[in-house]
Amino acid sequence: MVFLEVEMSWNVLISPDQLSPKGLLLRKSIIVRLLEDITNRKASKDHGYYIAVNELKAISEGKVRELTGDVLFPVKFTCITQKPMKGEILVGCVEKILKHGVFLKSGPMENIFLSYKTMGEYKYSGGDNPMFLKDYSKLEKNTIVRFKVLGHRWMEADRQFQLLVTLAGDFLGPL
């Protein structure tokens, strides 16, 4: 799993009722709002998934918006992110099993597809508890799996990546 530390700039909007003449309360309001904004944004194409705000570098002077009275503070900070990379080996959990493949989840990444075509000798077995079987190995719901990323695509509408993965390779498969 590749974690990156990126320096970012952000505009934090504080409403008038959150403003305080005491500097520490204002700083706290800015930090809380920044964390809310990052959580709501979830991810970006360039940086990947936002995991944590690491360090607040600078808060610039606020600019008052005339119509609302809100104050816009430009902020610089570092953030830990996770971005999927082609060829990367990850570990995830089986979430859903379909006839044509398996959906996995790994950390903040929820849209990971493992096609039956990239599973090697695994065969689908339907029923009440669908699974893929191979000799003494099986892929069923909640199975922990090591896999390799074949490719990824950014989905702007969902603010997340779609990953296509494989089990072809040494030491890949159920753990």
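The values are calculated or read from the model by the stated rules, or taken from the named source; none is laboratory data. Remember, it's a predicted structure, so these values are computed and weren't measured experimentally. Here the Cβ positions follow ideal geometry from the backbone for every residue, glycine too, while neighbour counts run over all protein chains shown. Keep in mind that these areas ignore ligands, DNA and RNA; they rest on the heavy atoms of the full protein, side chains included. Shrake-Rupley method; radii C 1.70, N 1.55, O 1.52, S 1.80 Å.
See the values below:
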{"quantity": "Surface accessible to a 1.4 Å probe, MET85 within the full protein complex, Å²", "calculated": "70 Å²"}
{"quantity": "Mean separation of Cα contacts under 8 Å (6+ apart) over length of the stretch 98-144, as relative contact order %", "calculated": "23 percent"}
{"quantity": "Dipole of the stretch 19-175 [Lys/Arg +1, Asp/Glu -1 at C-beta], most positive-end residue of THR143, GLY107, ALA58", "calculated": "ALA58"}
{"quantity": "Structure-based [θ]222 nm, the chain - -39500 (n - 2.57) summed over DSSP H runs of at least 4, per residue, nearest 500", "calculated": "-3500 deg cm²/dmol"}
{"quantity": "Given charges at Cβ of Lys, Arg, Asp, Glu: the stretch 32-118 dipole, positive-most of VAL32, PRO74, GLY92", "calculated": "GLY92"}
{"quantity": "Pairs from LYS45/LYS148; LYS123/LYS148; LYS45/LYS138; LYS96/LYS134 whose Cα-Cα separation, in the structure shown, is over 24 Å", "calculated": "LYS45/LYS138"}
{"quantity": "Accessible area (Å², 1.4 Å probe, nearest 10) - TYR50", "calculated": "30 Å²"}
{"quantity": "With all protein chains modelled, accessible area of LYS99 [1.4 Å, Å²]", "calculated": "150 Å²"}
{"quantity": "Dipole in debye (nearest 20) - the stretch 49-175, about Cα centre, beta carbon charges: Lys, Arg +1; Asp, Glu -1", "calculated": "280 debye"}
{"quantity": "Coordinate range along principal axes, alpha carbons of the chain, Å, largest first", "calculated": "69, 31, 24"}
{"quantity": "Cα centre as origin, Lys/Arg/Asp/Glu Cβ charges: the stretch 103-175 dipole, Debye", "calculated": "80 debye"}
{"quantity": "Degrees between helix 23-41 axis and first principal axis of the chain (Cα, 0 to 90, nearest 10)", "calculated": "30 degrees"}
{"quantity": "The stretch 104-175, relative contact order [Cα under 8 Å, separation at least 6], %", "calculated": "33 percent"}
{"quantity": "Whole-number percent relative contact order across the chain, with pairs defined as alpha carbons under 8 Å at least 6 apart", "calculated": "21 percent"}
